[in-house]
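The values are calculated or read from the model by the stated rules, or taken from the named source; none is laboratory data. The structure presented is a predicted model; accordingly, all values stated were derived computationally and were not measured. Neighbour counts are summed over all protein chains in view; Cβ atoms, including those assigned to glycine, are modelled from backbone coordinates with ideal geometry. All accessible areas refer to the heavy atoms of the entire protein, side chains included, with ligands and DNA or RNA removed. Shrake-Rupley method; radii C 1.70, N 1.55, O 1.52, S 1.80 Å.
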Amino acid sequence: MYLLAIESSCDETAAAVVEDGRRVLSNIIASQIETHKLYGGVVPEIASRKHIEVINQVIDEALTESGKSLDDMEAICVTYGPGLVGALLVGVGAAKALAYAADKPLVGVHHIEGHISANYIAHEELEPPFICLVASGGHSNLVLVRDYGEYEVIGRTHDDAAGEAFDKVARAIGLGYPGGPKIDALAKEGDPTAIEFPRASIEGSVYDFSFSGVKSAVLNYLNAERMKQKVRADQEARTADEVHPESAMSYKYAGADDLAGINRADVAASFQAAVVDVLVSHTMLAAENLGIDKIALAGGVACNSALRSAMEEACAERKYRFFMPPPILCTDNAAMIGAAGYHEYLKGVRHGWDLNAVPDLKLG
Ligand code: KG4
Ligand code: ZN
């Protein structure tokens, strides 16, 4: 069974053809990262417009590359939430138009269900039940996958998503957008034990997350270091002025407010270690308490090399089976929506022409 899948919830316009929910015949992704880089983050209005510009071409390419025609498709699947409303609407509109014109069933898919289902593509042998840590720019959820299409969210973030914290910290240390991959790369040159950043836990909800504390701790650390440097520079300048009053130097240092002298690689590595520690320990606690020995990773942050190896190690220690998709299936794509849509379709899910974008769609 072939499904055409469409994804446009954030800043990637994507379409894919997936066979039987596991085999990817095509997976076309038009990324808008270069555009949003200019603004340091995703600008919703621009995202919507860019989706409109390329969506038809992306869908055409997905069909051409798959070697199949629209007529070969059993149904059209599309992400209808959560995400940016204007961005989602472009995919939903395109899917509805195609489904109507070709007289095919329309299946709305939850974006997080898509991220989780990327694991079905990467691992033929994976079957529920398992626990999946979904960490992306918009979400940080610990999900118990009871069966295909049956989810229980057992942990969620109380403030920032993990990817959001990566992006904000990256900006604070002068790396561009998106910050996750840049912190990942810089952290390789740093010492993860150099600075002790907080590992937050929420009283009464042991699987939940909070990343705003670690983000603030990084900002406070940077400010404190800048102050120390300013005091040091002022002292040096005063000494220099006393020795050479004719070339008073102090004005040169008075505004020293940059990152020079701060070991950014240590900051990146230490921040990353704090986030990874929490993600891994909460996942392991859930697995132990629920008696589940299969763990999966999903979402853009699942590309993180430190998270991938820490989770792999923690699972190996406990003899749990560990699954993670390749990076290209971790960040937003439509193949994962086809994998999730397959099980929704088998369950009998069909949406009408009134399908709307739901920016805060709940899972489960
Ligand atoms: O899943 P995704 O493509 O979009 C959302 O659904 O949000 O995730 C994007 C997020 C961004 O915050 C990005 O910085 C983060 O995933 N990310 C990473 C890495 N690669 C992408 N975070 C940490 N390390 C990485 N290597
Ligand atoms: Zn996503």
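Pick from 208, 266, 234: which is most flexible by mean-square fluctuation in a GNM of the chain where alpha carbon atoms under 10 Å apart are linked?
The residue that fluctuates most here is 234.
Under the rule a/c < 1.5 gives rounded, and otherwise a/b versus b/c splits prolate from oblate, where does region 66-123 land using the Cα gyration tensor? Each step should come with its number before you reach the end.
Details: a/c = 2.44, a/b = 1.14, b/c = 2.14.
Here region 66-123 falls in the oblate category.
What angle do you read, to the nearest 10 degrees and between 0 and 90, between the alpha-carbon axis of helix 44-66 and the longest principal axis of the chain?
On a 0 to 90 degree scale, this one is about 50.
Angle between the Cα long axis of helix 85-102 and the longest principal axis of the chain, 0 to 90 degrees, nearest 10?
Approximately 20 degrees, to the nearest 10.
Return the calculated 222 nm mean residue ellipticity for the chain, to the nearest 500 deg cm²/dmol, obtained by summing -39500 (n - 2.57) across DSSP H runs with n ≥ 4 and dividing by the residue count. Before the final figure, lay out each step's value.
Working: 12 runs with 172 residues, N = 364.
Counting only the DSSP helices, I get -15500 deg cm²/dmol.
Mind checking which lysines have their C-alpha under 29 Å from residue 228, skipping anything on the same chain fewer than 8 residues away?
In chain and number order, the partners are 168, 182, 188, 215, 252.
For region 114-126, in order, what is each residue's ³J(HN,Hα) by Karplus, 6.51 cos²θ - 1.76 cosθ + 1.60 with θ = phi - 60°, in whole Hz (x at glycine and Pro)?
Running phi through 6.51 cos²θ - 1.76 cosθ + 1.60 with θ = phi - 60° gives x, 3, 4, 6, 4, 5, 5, 6, 6, 10, 3, 8, 6 Hz.
For region 92-195, what % of the accessible area comes from carbon and sulfur atoms, probe 1.4 Å? Could the numbers behind the result be given before it?
Values: 1830 of 3740 Å².
The computed percentage sits at 49.
What are the semi-axes of the equivalent ellipsoid for the chain, taken as the square roots of 5 times the Cα gyration tensor eigenvalues, largest first, in whole Å? Could the numbers behind the result be given before it?
Working: eigenvalues 374, 124, 47 Å².
Calculated on Cα positions only, the semi-axes equal 43, 25, 15 Å.
Take the Cα atoms of region 129-235, find their three principal axes, and give me the spread along each one in whole Å, biggest first.
65, 30, 22
Angle between the Cα long axis of helix 264-290 and the longest principal axis of the chain, 0 to 90 degrees, nearest 10?
So the inclination is approximately 40 degrees.
Just tell me the longest site-free run in the chain, where the sites are GluC sites (Glu not before Pro) in a DSSP loop having at most 12 other beta-carbon atoms within 10 Å. Working shown, then result.
Working: sites that count: 124, 125, 189, 196, 203.
Looking at the chain, 204-364 is the longest stretch - no exposed GluC sites (Glu not before Pro) with at most 12 other Cβ atoms within 10 Å.
Student exercise: in region 1-119, how many lysine pairs 8 or more apart or on different chains have Cα atoms under 21 Å apart?
Step by step, the pairs that qualify in region 1-119 add up to 5.
Would you mind counting up the charge near residue 67? Only other residues with Cβ under 14 Å from its Cβ, with Lys and Arg at +1 and Asp and Glu at -1.
Net charge in that neighbourhood comes out at -4.
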